[in-house]
Structure formats: structure tokens, C-alpha cells
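First comes the structure, then the notes that go with it.
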Amino acid sequence: MIKPQTSITIYIDADACPVREEIYKVALRHNVPVIVVSNSYLRILEHPLVTRAIVSDGFDAADDYIAERVNASTVAITADILLAERCLKSDAIVIAPNGKPFTSDSIGGAIATRALMADLRSGLTSDNIGGPPPFKPADRSRFLQSLHEAIVKLKRG
């Protein structure tokens, strides 16, 4: 079994994560364990550093699992803004699948935008609001760079 060099851990909110393969690539390069958290069985990379955590399909079960375990030596990968806020409160580094980090400075605005968009989608307007922009190759590249930088930062202390 390969023993990780550091206490750094990556948690993936995996049910809708488009960058799992990229996470494995960076994690293996840095010898950092990855925990793939989902509500159902997902195929994961078969490697001693990669483990699976299947939680119940209850509301926020995956979010609760991750939020209860993250700390200042973890990286959480999620597009869920409310989970990002919970992880930031535990001093974790949080990165969205598009590579944009959630920070204590940016999370308030992200939550406000989320609430506004939810109101608009609920029928307060007749305009077609749509969803997030499509995932692009530039997002994948930005994500790889952001995750690498986060791990290097944690290794340096």
C-alpha cells in the first residue's frame, strides 16, 4: 500500500463532478489521498490513495459527510455553494469544478447570487434564466492549476 507523504486529503462531492479524472491525476502526482463521496455507486480509480464513501440518499447526506470531516489540511471539490461555505468555516480550501476557488471573501457574494437566481427561476420573472454556463476545456485547465496550487500551498504549511 502506498502511504501518503502528508496529512492532506482531497474530498470530492462526486455525484455531479466533471473533473474526477483530473483530481486523480493531481492527487497521485502529489501522493495525496482522495475520498470520493456520493449518494450511489460510482466507478472510481482503483488505487490505494483513492477511496469511496457512499452515503445515504438523504437530503445533504454527502454534504454533511464532507463538512464533518474537512479541516485546514483538506481540499474540498464542490460546485455546491452552501457546502463550500460550510467547508470554509472549517478552514478547508474549496475549489469549484471550473477551477474557481471559493474564499471567505467571495462566498457571501456567491450565496447572494445563488439566492437571487433561485428566486428568478421560481417564477418571479418570465425571462428564461437558464443554468450555469457549459463546462469548457478552459475550465478543466483552470481546475488542474487551482488544485495543484492548493496542494502546494498546503504542503508548504
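The values are calculated or read from the model by the stated rules, or taken from the named source; none is laboratory data. Bear in mind that the values here come from a model prediction, so they are computed numbers and not experimental data. Positions of Cβ are generated from backbone atoms using ideal geometry, with glycine treated the same way; all protein chains shown enter the neighbour counts.
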Within the range 61-80, can you find the residues that are under 10 Å from the mean Cα position of the chain (by Cα) and under 18 Å from residue 106 (Cβ atoms)? 75, 76, 77, 78, 79, 80
Taking the range 128-157 and the residues there that are under 18 Å from residue 78 (Cβ atoms) and part of a loop (DSSP other than H, G, I, E, B), the one that is modelled with the lowest pLDDT would be 131
Please pick out the residue among 32, 94 that is under 12 Å from the mean Cα position of the chain (by Cα) and closer than 18 Å to residue 157 by Cα. 94
Can you pull out every residue in the range 93-127 that is assigned to a loop (DSSP other than H, G, I, E, B), at pLDDT below 60 and not β-branched (Val, Ile, Thr)? 126, 127
Here is a list: 61, 84, 76. Which entry is of a type outside the set (S, T, N, Q) and surrounded by fewer than 22 Cβ atoms within 10 Å (Cβ to Cβ)? 61
Pick out the one residue from 51, 74 that is without any contact (Cβ under 8 Å) to a residue 24 or more places away in the chain and under 19 Å from residue 147 (Cβ atoms). 51
